[in-house]
Structures are given as structure tokens and as C-alpha cells.
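Chemist: What follows is a structure written as C-alpha cells; I'll ask about it next.
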Amino acid sequence: MPLITTSDDFKLHFEEAGSGIPIVFAHEFGGDIRSWEPQIRHFAKNYRVIAFNARGYPPSDVPKDDKSYGQIRATDDILDLLDELQIEKAHIVGLSMGGFAALHFGFNYPNRAISLTIAGAGYGAHPDVHKQFSEETKQVANRIEADTMEKFAEIYAIGPTRVQFANKDPYGWKIFANQLKEHSTIGSANTMRAVQGKRPSLYDFVNQMQNLTVPTFIINGDEDDPCLDVALFMKRNIHSSALVLLPRSGHLINLEEPALFNQMLGDFLARVDVGRWQMRDRRSITSNILWTPDD
């Protein structure tokens, strides 16, 4: 079983396939390596694809102390993966929790990222709901510990931004739901409490966004309500970014619409790889609506 050792001495399980320019996939709270199967199979034809289980997700180590988890640690785990595999730079692709890690990776280690893909990221990031989200994560973590992840997964798998997947693809959703039940109770509770609940609001990072020059792809489902306003906020402040919304889609867009997700992501990666991704034209950033008057 392939494992790397992080800089704080925990083991992370990873899998890789293909060869070429590296892509690293970072999963969401409800996922793991298996959530990226449609992308691994597709992109391994032309890329070196690497996916890993975050700490707290067996067979990666499950630290018992929630102080071993957090947004900074989740970001640095990606760096440790690159270092252990002796990869200088990679495309970093993350969904939800993994999307936050991908964005912060771009803030902290821009020279190690060829590009950033931030998919379905935004839960609790808006200032209006940040405190509420933090409180809810504490309640959820306590519920996971009390009921076990196997039981709590029955509720979480059919949440308001996951019903879209269940409606479109009941068979695929059932696989996801069963895999969710297999997650560690301790790891899931600690991740919910310390990674999800304690991460800062993205609205605190305006300067970092405006200084980001790494090519960035923001992709959301149009029924993933907690992420929509945040996606627009990121688009307006990250001038190296593009924003795509997938119609009638929720949170699990890479599983709900794998062909469309792969097509959109593949087009973005291809443009970056050939040097055809440009910063936003400054002339388009204005408070005027119809024209820009002469100075």
C-alpha cells in the first residue's frame, strides 16, 4: 500500500496512475480516493494522476487529537505529498474541503502549483453564515461521535446539496453513501470539528486572492446554494480565474456529471499546459456598465 510520511509524522495513503504532467486530487469531507475514480480513469490517459486520503480517512492515519487537524495542516499535507514524491509542480484539484486546501495551497505555495481547481468550495465562507457554520460543525462532530459515522452517514449522504446526485444517478449515489458509512468515526468527527469548523472565512483573504496569478478554475453546481455567492466572490477577486456553473447540479459535481466535469477540467488544464491561460483583461474590471469614459 503506497504511503507517504507528512512533516508532522503521520502516514497518508495515496494512489497514482498514468504518466506525464502531475495532477493531485484532494477530496471533500464526504469523500476519499474512491470519489475521484471517474477523474482518475479519464485523466490518467494523458497525465500522472495522484489522489490521496486526507488524514483521518483510513488507510491514512487517524490522529486521535483534533489538534493534528486543521486548514493549514490540510494544505501542508498536499505539499508533503509533492515533496515525498519529488514533484516540483502539479495541477492541484480539490472538491469542497479539498477545494479550500487547493486555494490555500495557491496562497501559500504558488510556485508549486501549475494550476488550481476549486470545485464546490464555499460552505461557511460567507461572513453572514461563518459563525453559524462553525457552530453547526460542532453539533455535527458531536453527533458523529455519539451515533458513529456508519449511522450519521445515512443523514449526511442525502443532504440538500446531495439529493441532486441521488435523483440523477441512484446507483452511483448508493455507492457513495455506502462508502461514506465506512469512514472513521474519530477521523470524521475531528475533521468536521477542526478542519471544517475552524477554517477562516475566505472573505478574509481578499488581498491574497487579488495577488494570485496561478491559473485558477472555479466550478460549482448551480443548486449548491452555500457555494454560489462565494464562487462569484472568488471570481471577482482572483483575476487569473474562470467560473463555470453546471446546471441542475449539487455539491458532488465530479460524480453527478463526470463527463461534463472532465470535459471542462480537461479544457482548462490543456490551455494552461500550452501557455494559453491569461490574466483577466484589466479593462473588464470596472464599476461602469456600458462603457469606460476617457480619463
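Bear in mind these aren't lab numbers, they're just calculated from the coordinates by the rules spelled out. Note that the coordinates shown come from a computational prediction; the quantities given were computed from them, not determined experimentally. Every residue, glycine among them, receives a Cβ derived from its backbone with ideal geometry; neighbour counts consider all protein chains shown.
Chemist: Given the Cα-Cα distance of R34 and D128 and 0.36 nm per residue of separation, how much length would full extension add, in nm?
Modeler: Using 0.36 nm per residue and subtracting the Cα-Cα distance, I get 30.5 nm.
Chemist: Let me ask another. Take N46 and I155, extend 7 Å from each Cα along the Cα→Cβ direction, and tell me the distance between the two endpoints in nm.
Modeler: 4.4
Chemist: How far, in nm, would the chain grow between M1 and K138 when pulled straight, counting 0.36 nm per residue and subtracting the alpha carbon separation?
Modeler: 46.0 nm
Chemist: For a test of the definition: using alpha carbon positions, the gyration tensor, and the 1.5 limit on a/c, classify region 1-126 as rounded, prolate or oblate.
Modeler: Numbers: a/c = 1.34, a/b = 1.17, b/c = 1.14.
Rounded is the answer for region 1-126, as its axis ratio a/c remains below 1.5.
Chemist: Which pairs, out of K64/K138; K131/K151; K138/K235; K151/K174; K11/K151; K151/K181, put more than 18 Å between their alpha-carbon atoms?
Modeler: K131/K151; K138/K235; K11/K151
Chemist: Now for a separate question. Which percent, nearest 5, of DSSP beta bridges in region 3-277 are antiparallel?
Modeler: 20
Chemist: Just how large is the dipole of region 3-277 about the Cα centre, in debye to the nearest 20, putting +1 at every Lys and Arg Cβ and -1 at every Asp and Glu Cβ?
Modeler: 340
Chemist: P(r) for the chain: what percent of alpha-carbon pairs falls in each 10 Å bin, starting at zero?
Modeler: Final binned percentages: 6, 29, 38, 21, 4, 1, 0.
Chemist: Where does helix 170-181 land angle-wise versus the long Cα axis of the chain, in degrees 0 to 90, nearest 10?
Modeler: In the chain, helix 170-181 runs at an angle near 60 degrees to the longest axis.
Chemist: Based on the Cα atoms of region 201-295, what semi-axes does the equivalent ellipsoid have, where each is the square root of 5 times one gyration tensor eigenvalue, given in whole Å with the largest first?
Modeler: 25, 18, 14
Chemist: Oh, and also: Going by the alpha-carbon gyration tensor, a ≥ b ≥ c the square roots of its eigenvalues, is region 121-260 rounded (a/c under 1.5) or, if a/c is not under 1.5, prolate (a/b greater than b/c) versus oblate?
Modeler: oblate
Chemist: A follow-up question, please. When ranked by the protection proxy of mean other Cβ atoms within 10 Å per residue, highest first, what sequence do the peptides 243-251, 212-220, 150-158 form?
Modeler: Values: 243-251: 19.1, 212-220: 23.9, 150-158: 16.3.
Packing proxy ranking, top to bottom: 212-220, 243-251, 150-158.
Chemist: List the residues, sorted by chain then number, that are 5 or more residues from I114 or on another chain and whose placed amide H is less than 5 Å from its amide H.
Modeler: A90, H91, I92
Chemist: A further question follows. Once R0 is set to 22 Å, what does the formula 1/(1 + (r/R0)^6) return for the Cβ-Cβ distance between R248 and I285, expressed as a FRET efficiency to the nearest 0.05? Could the numbers behind the result be given before it?
Modeler: Details: r = 31 Å, r/R0 = 1.39.
My answer for the efficiency is 0.10.
Chemist: Also, quick follow-up: Nearest 0.05, what FRET efficiency do K67 and T292 give at R0 = 30 Å with Cβ-Cβ as r?
Modeler: After rounding to 0.05, the efficiency reads 0.05.
Chemist: Ignoring everything except DSSP H segments at least 4 long, calculate the 222 nm mean residue ellipticity for the chain; use -39,500 (n - 2.57) per segment, divide by total residues, nearest 500.
Modeler: -12000 deg cm²/dmol
Chemist: Quick check: pseudo-label points 7 Å beyond the Cα along Cα→Cβ at D204 and A259, how many nm apart are they?
Modeler: Taking the two extended label points, one gets 4.3 nm.
Chemist: Let me ask you something else. With r as the distance between the Cβ atoms of V274 and L232 and R0 = 35 Å, compute the FRET efficiency 1/(1 + (r/R0)^6) and round to 0.05.
Modeler: For L232 and V274, the calculated efficiency is 0.80.
Chemist: Note the angle between two axes, namely the Cα long axis of helix 258-273 and the longest principal axis of the Cα atoms of the chain, as a number of degrees from 0 to 90, rounded to the nearest 10.
Modeler: 50
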